[in-house]
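Following this message is one structure expressed as C-alpha cells.
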Amino acid sequence: MSPTGAHPDESRPLTGRIDAAGGPVSLEQVKTWSGYAGARRAWLEMSREEVIEEVKAANLRGRGGAGFAAGVKWGFVPSGEKDDGGVRYLIANCDEMEPGTFKDRYLLENDPHLLIEGMVIGARAIRAEHGFIFLRGEYVHAAERLRQALGEAEAEGWIGDDACGSGEPFHLHLHLSGGRYICGEETALLNALEGRMPQPRARPPFPPASGAWGRPTIVNNCETLCNVPAILRCGAEAYTELGIGSNSGTKLYGVSGRVRRPGLKELPLGTSIREILFEHAGGMLEGHHFRGLLPGGASTDFLVEEHLDLPMDFESIGEAGSRMGTGTMVVVDDSVCIVDLSRNLQHFFAQESCGFCTPCREGLPVLERMLMALEEGTARPGDLERMERQAGFIGVPGNTFCVHATGAMEPLRSALKHFREDFEAHLEAGGCPHRARVGAAAGRAS
Amino acid sequence: MATIRIDDRSYEVEAGRNLLEVALSGSIDLPYFCWHPELGSVGACRQCAVMQYTGESDETGRLVMACMTPVADGMRFSVEAPHARDFRASIIEWLMVNHPHDCPVCEEGGECHLQDMTVMTGHSMRVYPGPKRTWRNQYLGPLINHEMNRCITCYRCVRFYRDYAGGTDLEDFGSRDRVYFGRAEDGVLENEFSGNLVEVCPTGVFTDRPFARRYTRKWDLVSAPSVCAGCALGCATLAASRDDEFRRIHNRYHPDVNRYFLCDRGRFGQDWVDGPGRIRQVGRRRDDGSFDPVSAQEAIAAIGATLGDARVIGIGSPRASLETSFALARLVGREHFCAGFALDETEPVRAAVAYLREGRARIPTLAEVESADAVLVLGEDPIDSAPRLALSLRQAVMAKARETAADAGIAPWQDAGVRSHGRYSRHPLYLATLLPSRSADLAADCYQGSPAELAGLGESIADGDPQSGSRGQRLRSRCGGGAAGGRAAAGRLRHLPRRCLGGGCGPVGLRGAGRCRSGCRLPVGAAGGRCCRCGPAGCPSGRRTRPGGRAPQSGDGQRGRAGRGRERSPPPRRSGAGAGRPGPGRNRRGGRCGGARDGRGGRLAAAGDGPAREPGHPGQQRGPGPALPSGAACRAAAASGLALADRSGRGGIRSGAGLRRCRCPGGSDRRQRPGAGRRPRRCAAR
C-alpha cells in the first residue's frame, strides 16, 4: 500500500473524487486521493468500539429512507460477553429500485472503492468476516465496475484474509439481485441472499441479532456506507460540520422530472428544497409549472408549493407529513395527470408486492383498478371514498406486514389530499380530462 | 398471569400468549386465517386485527394483529371497535375479490372456514367489479384434489406441509397477487401427512378426493367419534357416513395423542369398513362357498351339533379387541383359549405388560415424545409402523428451535421468528433401523444393522457398555441429557454395534431388545442383560431350555460379551414386526414395512421405543363422548373369522368406522340414523 495524498474536495466526500477525475475514478486516483486512509485508521489505529463511537458522534443517518443512525445500528450487534465469536455479516443494500432514485448507481459506477472502503470500516466496527454487496440485477455496468474494484482491493490487500494489514479477514462478495423491489427491504434482502423467497421476515429477531443464515448481520444502504470513509478520515467533528443546522454530512440529492438540469448533486444535508430545485436543477422547463414533488422517490408523500422552503432533511420533511426517503425528488408539473401518475405508481407497487400479507397483495391491485376505472371513465360514485378508506387501512404502519404497502399509500393518500380536485374532475368528466385536453391539443397541432 | 381488558371485560390470561389465542379461548369471535393452533402465528392474513389502547385515557388506539401481539398485564384491547371491525371487513373483502362464488358446489361447503369468517365479519356485498384471477390446477394424486382458484393465500398449506411435516414437494411459487401453492409439476404428493392439507386449508383448495367420489354434502354426514385402527397409536378420529356407507375420516383433537393431525393411512386407509370381504353378520358357509345368514343362537347350536363332545379350543388374534378375545375365552374356557400369539411372541408381550404394570417402563404419549430432549428409535421406522409418531418425532427435533428462540426473546408461537432464528437448532434424534429410514433427514445420526445388530445395540443400551464402567445408567442418562448427551449417545451409536457384531449378540427376535442371558428368552429389562424376572441367581421359572442357552454364571453382568454366544445358533432372520403373523404372513421386505402392512406396530417388546397402544393407553380413555368403539374393536371387525364373537359383545355391535348398529331387541342389522351418540339406539326401521 502506497502512502496517499489528500482528498480533492473534503467538502464533498461522496462525489469529490468523481468530479476531480471527471468520471470514473481509477485505482491510481483512489490511491492518490486518500485511498483507504479511513479504513487503515479504523483497522490499525482504533478499536471496534472507537469506530462505532466515531460514527455515532458523526450522527450519520441511514440514507436508505428510514434515517436510522448508522452508528447506533452497528452498536446493536452483540458485543463483549454476548459475542459468541461466530461469523457476522455486513451487507450493503445497493438494490436501488425506488422509482426516481439513481444515487447508488452513480456512486457505484464512478467510485466503487468508496463503498468498498466504507464496508471495510463497517466490517471493522461489527467484526464482520464476510460482506455482501447486494446489487440491483439491472445495474450491469455498476456490477462490472464493482467486480473490477473488488479485484483491485483484494490485490492491494484492503480486503481478504489480511484486511488492511490487520491480520484479520474480511471477504467481500458481490451478489446480483433477481430484480424485485421488495428485495430492498432489509429482511427480504436477507431471504433473497440466502436463496429463499424474498418475503420480509418477522421481527423479532432483528437482523443485528439474527440475520443472514441466523447470524448477526448489519444491512446498510450503499450511500450510508459511502459516507463512512470521510468520517474516519477527517473525524466526526469535521464531518458533522458539513451539514446544515443539526444535520451532519452531505447528501446526494437528485431531481427528476421536467426541470432544466435533472440529475444528482452532492449538497450539505439540510439544503432547502427550493435551492435544490431552482438553483441546482435550474428550475422548471419552459412552459411547465410546478405542481408538487415526491421528495424521496415514489414511496413518499407529495409535497406542494407551500413546502418548497423546507430544508431537505429527515426531520423537516417528516414534520411536513412526508419522508425524505432517498432524497431524490420526482418533480410533477402541470403536464402530468396526477391520477394517471398515481395509477402508474400503484401498478408498480402492486406488481412488486411479495404477496405475503393480504392488504398489500390484494388491496394494492384493487386500488390500482379503481384508479384505472377513474382514468377509463368507468368509476362509480363513492369510489373516491372507498379508495380513501382502503388506502387509509393499508397506509398505516403495522396494518401490513412490512412497510411496502404503507409506502405505496403515501403518494396516493397525499395526492388525494393535495390534488383531490383532479380525482373529482375525473369522476365528473367520466374519464381523464387531462388526456382529453392533451389529445385535443395534439389534434389541433396536427 | 395477567389481567387484560377486551371491550371493557376483564380476562385473567397467561402472560406472553398471543392475543388471538387468548381471545378465542375466551369465546370471543375473532376471525383469522393464517394462524393455526399447532402452526403458530406468522401475521400473513391480517384478519385478526383489533384495537389496542395504550392507557385509560387513550381513545384513538391503534390496530394490532391479535395473533402477533403478546399479552401483558394491564393491556386494553377492543375487538368491537368500529375501526377494527371495518378493517377486518376490508380484509375479507380483499380476500373475496378473487375467491370464486362456487360455494354451492364446493367440496368444502358446510365446513368452510372462509365461509364462516366471511359471514362473521359481515362482508355480504361484492363491490369490486374486476375479473377474478384463475389458475391451472394440478393433479396431486388420488387422495388430494387441487382447486387453486379458491386460494386465499394464507400460507397455511406450505407451513404445515413443508415446515411442520417436512414435505419437500409443495411450495409457494410466484409473488404479488399471483402466489401459487402446489408442486413444481403435477404428481402425487409425497409426504405421508398430505391429507392434513384438507383440514389445514381454510377453504376448498385442497379437498378430500376419495370423499368427493360420491355425492355428499357435509351437513348430510352422520359422524361419530372413533379411534384409528391403522396402527398401535390409536389416534382420535371422527368417522362419517352417509346412506349407511362410510365416507371419510377426519381428525378429532386429542391432547396427548394426535392433536390436530392424522397420517394419510389413518385418514384414507379405511375403505375396508365397507369392503365386500367383510363378514357383517353371523352365518354359515356351505360347502359350495355360499354364505347363509343365521341367528347367533342357531349358529351356536349348529357349532355345538357339529362338535358334539369334542374338545374345543379357541384361537384368537392379536389384532382382535380385548372384548372379542374375552368373549372367545369365555366361550371355550380359559384353559382352551389361545390369544393367537406364537409362544416366543407371547412371552415378550407378557414380560412387557409386567414391566408396564410394575412401572419399570412407561409408554410416552406423543405429547411427551414431542417434549423429549433426545430420542432414540430402535428397530423401527416409525413412518411405516406408526406414522403419526414420526410426525411427533419431527416436532421433538424441531422443538430445540423454540428453546433457541426463547433465549433471543422470541415467543414460541412466533412461528416465522422461531424458524428463522432457530433454523440450525435441533434436538438429537438417533435412528437405528434395518433399512434406510425416511426420517433420516431429521436424525443426528443413523445406524443400519441386521435385526441381531439392532437387538445388540438395544441390549448394550439397556445393559450399559461393558467397557465404560458405570454402564447402563450412565448411557441412559446421556441419552436423555440434551445435546451433549445426545452427542455421546451418537458416538455410541457408531461404535457399539460394531462391537456387538464382533462378539455376537445371541439369538434375538427382531423386536426384542435382546433376550435374557439366563436363557429364558424374555427380553432384557433389568441390568446385567437379564429379563425382569431373572435376577443374578438365574431364572426362577427354570425356562433355560432354549438350545444354545446357558446357565447364568456369576459375573455375567460385568463381563464383556466377546465370545459369548458364539456357540449359539445364528439369530433367526425375521422380518415383519407384525405380532401373531407367523410364517407366510410376514412381510418379506424386512422389518421396515411389516408394521405398515398389518397395521400393528407390535411395539411392546422394543426397548426405548415409541408409544404403543395397550389397554392402559390414555387415548382410549380420555376421549370425549360416549363409550367409543375402540381401535381394537375395529380390528376385531376386520378379522373376519371373529364375526361371531364380535356379535356377542355387549353394547351393540360396533363397526370399524365407529357407527353403531341398532340395539333394538330384534337385532336388526341396520345402522343407526343421524345423531348416533345421543339418540335412542334404534334403527330407523322401528
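The values are calculated or read from the model by the stated rules, or taken from the named source; none is laboratory data. A quick note: this is a predicted structure, and the numbers were derived from the prediction, not measured. So basically every Cβ, Gly included, is an ideal-geometry build from the backbone, and we count neighbours across all protein chains shown.
In segment A:50-95, how many residues are among the charged types (D, E, K, R) and without any contact (Cβ under 8 Å) to a residue 12 or more places away in the chain?
4
Another question, if that's okay. Restricting attention to segment B:136-166, and to residues there that are within 14 Å of another protein chain (Cβ to nearest Cβ) and not in a helix (DSSP H, G or I), which single residue is farthest from A:L371 (Cα to Cα)?
B:Y155
Conditions first: (1) within 14 Å of another protein chain (Cβ to nearest Cβ); (2) free of Cβ contacts under 8 Å to residues at least 60 places away in the same chain; (3) farther than 26 Å from B:G417 by Cβ. B:V50 passes all but one, so which condition is the exception?
For B:V50, the failing item is (3).
Next up: Can you tell me which of B:P412, B:P382 is in contact (Cβ under 8 Å) with a residue 40 or more places away in the chain and over 22 Å from the mean Cα position of the chain (by Cα)?
None of the other options fit; the residue is B:P412.
Run down B:R426, B:R419, B:R362 and say which single residue is within 14 Å of another protein chain (Cβ to nearest Cβ) and assigned to a loop (DSSP other than H, G, I, E, B).
Numbers: B:R419 fails: assigned to a loop (DSSP other than H, G, I, E, B); B:R362 fails: within 14 Å of another protein chain (Cβ to nearest Cβ).
That would be B:R426, the only listed residue that is within 14 Å of another protein chain (Cβ to nearest Cβ) and assigned to a loop (DSSP other than H, G, I, E, B).
Among the residues of segment A:193-211, how many are within 30 Å of A:L269 (Cβ to Cβ) and at pLDDT 90 or above?
Of segment A:193-211, the ones within 30 Å of A:L269 (Cβ to Cβ) are A:193, A:200, A:203, A:206-209, A:211.
Filter once more, so that each one left must be at pLDDT 90 or above: A:193, A:200, A:206-209, A:211.
So the answer is 7.
Do you know which residues across segment B:123-135 are in contact with a strand residue (DSSP E or B) (Cβ under 9 Å, 6 or more places away or on another chain) and more than 12 Å from every other protein chain (Cβ to nearest Cβ)?
Once the filter is applied, which keeps residues that are in contact with a strand residue (DSSP E or B) (Cβ under 9 Å, 6 or more places away or on another chain) and more than 12 Å from every other protein chain (Cβ to nearest Cβ), segment B:123-135 yields only B:W135.
Please state which of the following conditions A:R261 fails to meet, knowing it meets all the rest: (1) modelled with pLDDT under 95; (2) in a loop (DSSP other than H, G, I, E, B); (3) surrounded by fewer than 21 Cβ atoms within 10 Å (Cβ to Cβ).
Of (1) modelled with pLDDT under 95; (2) in a loop (DSSP other than H, G, I, E, B); (3) surrounded by fewer than 21 Cβ atoms within 10 Å (Cβ to Cβ), only one is false for A:R261: (1).
Might you let me know whether segment B:113-122 holds any residue that is in contact with a strand residue (DSSP E or B) (Cβ under 6 Å, 6 or more places away or on another chain), more than 9 Å from every other protein chain (Cβ to nearest Cβ) and surrounded by 21 or more Cβ atoms within 10 Å (Cβ to Cβ)?
So in segment B:113-122, the residues in contact with a strand residue (DSSP E or B) (Cβ under 6 Å, 6 or more places away or on another chain) come out as none.
Checking segment B:113-122: not a single residue is in contact with a strand residue (DSSP E or B) (Cβ under 6 Å, 6 or more places away or on another chain), more than 9 Å from every other protein chain (Cβ to nearest Cβ) and surrounded by 21 or more Cβ atoms within 10 Å (Cβ to Cβ).
Is it the case that A:E144 is at pLDDT 95 or above and either surrounded by 15 or more Cβ atoms within 10 Å (Cβ to Cβ) or within 14 Å of chain B (Cβ to nearest Cβ) (or both)?
So A:E144 does not fit the description; no.
For a quick check of your reading of the model, give me the residue pairs whose first member lies in segment A:373-390 and is at the interface with another protein chain (Cβ under 10 Å from one of its Cβ atoms), whose second is crowded, with 17+ Cβ neighbours inside 10 Å and of a type in the set (S, T, N, Q), with beta-carbon atoms closer than 7 Å and at least 6 apart or on different chains.
A:Q390/B:S90
Mind checking which helices (runs of 4 or more DSSP H) fall wholly inside segment A:149-241 and carry at least 2 residues that are in contact (Cβ under 8 Å) with a residue 24 or more places away in the chain and farther than 25 Å from A:G38 by Cβ?
A:186-194
Let me ask something else. Take the residues in segment A:160-187 that are in contact with a Lys or Arg (Cβ under 7 Å, 6 or more places away or on another chain) and more than 14 Å from chain B (Cβ to nearest Cβ), then tell me which one is surrounded by the fewest Cβ atoms within 10 Å (Cβ to Cβ).
Of everything passing the filter in segment A:160-187, A:L174 is surrounded by the fewest Cβ atoms within 10 Å (Cβ to Cβ).
Could you say whether any residue in segment B:19-41 is over 27 Å from the mean Cα position of the chain (by Cα) and in a strand (DSSP E or B)?
no
Looking at the structure I just gave you, is B:H123 part of a loop (DSSP other than H, G, I, E, B), under 36 Å from the mean Cα position of the chain (by Cα) and within 24 Å of B:R176 (Cα to Cα)?
So B:H123 fails the test.
Identify all residues within segment A:307-363 that are surrounded by fewer than 22 Cβ atoms within 10 Å (Cβ to Cβ) and on the phi > 0 side of the Ramachandran plot; write none if there are none.
Matches in segment A:307-363: A:G321 only.
Which one is farthest from A:T358 (Cα to Cα), of the residues in segment B:54-69 that are within 14 Å of chain A (Cβ to nearest Cβ) and surrounded by fewer than 23 Cβ atoms within 10 Å (Cβ to Cβ)?
This residue is B:T54.
Kindly provide the set of residues from segment B:1-47 that are of a type in the set (S, T, Y) and touching a residue at least 40 places away in the same chain (Cβ under 8 Å), ordered by number.
Within segment B:1-47, B:T3, B:Y32, B:S41 meet the criteria.
Scan (1) touching a Lys or Arg at 6+ places or on another chain (Cβ under 8 Å); (2) within 27 Å of A:E154 (Cα to Cα); (3) buried (at least 17 other Cβ atoms within 10 Å of the Cβ) for the single condition A:G86 breaks and write down its number.
Exception for A:G86: condition (3).
Kindly provide the set of residues from segment A:341-371 that are in contact (Cβ under 8 Å) with a residue 40 or more places away in the chain, more than 7 Å from chain B (Cβ to nearest Cβ), touching a Leu at 6+ places or on another chain (Cβ under 8 Å) and not aliphatic (A, V, I, L, M), ordered by number.
A:S342, A:Q346, A:F349
What is the residue count in segment B:407-416 for residues that are closer than 16 Å to B:C34 by Cα, in a loop (DSSP other than H, G, I, E, B) and within 8 Å of another protein chain (Cβ to nearest Cβ)?
Summing the residues that are closer than 16 Å to B:C34 by Cα, in a loop (DSSP other than H, G, I, E, B) and within 8 Å of another protein chain (Cβ to nearest Cβ) in segment B:407-416 gives 0.
Can we say B:V64 is within 29 Å of B:A405 (Cα to Cα) and part of a strand (DSSP E or B)?
When the stated conditions are applied, B:V64 passes them.
Let me ask something else. For B:G308, all conditions in the list (1) among the small types (G, A, S); (2) modelled with pLDDT under 85; (3) surrounded by 16 or more Cβ atoms within 10 Å (Cβ to Cβ) hold save one; what is the number of the exception?
Answer for B:G308: the failing condition is (3).
Considering every residue within segment A:408-416, establish whether at least one is under 27 Å from B:V50 (Cβ atoms), touching a residue at least 24 places away in the same chain (Cβ under 8 Å) and either among the hydroxyl-bearing types (S, T, Y) or within 14 Å of chain B (Cβ to nearest Cβ) (or both).
Yes, segment A:408-416 contains a residue that is under 27 Å from B:V50 (Cβ atoms), touching a residue at least 24 places away in the same chain (Cβ under 8 Å) and either among the hydroxyl-bearing types (S, T, Y) or within 14 Å of chain B (Cβ to nearest Cβ) (or both).
Taking segment B:70-95 on its own, how many of its residues are within 14 Å of chain A (Cβ to nearest Cβ) and either assigned to a helix (DSSP H, G or I) or more than 20 Å from A:T400 (Cα to Cα) (or both)?
14
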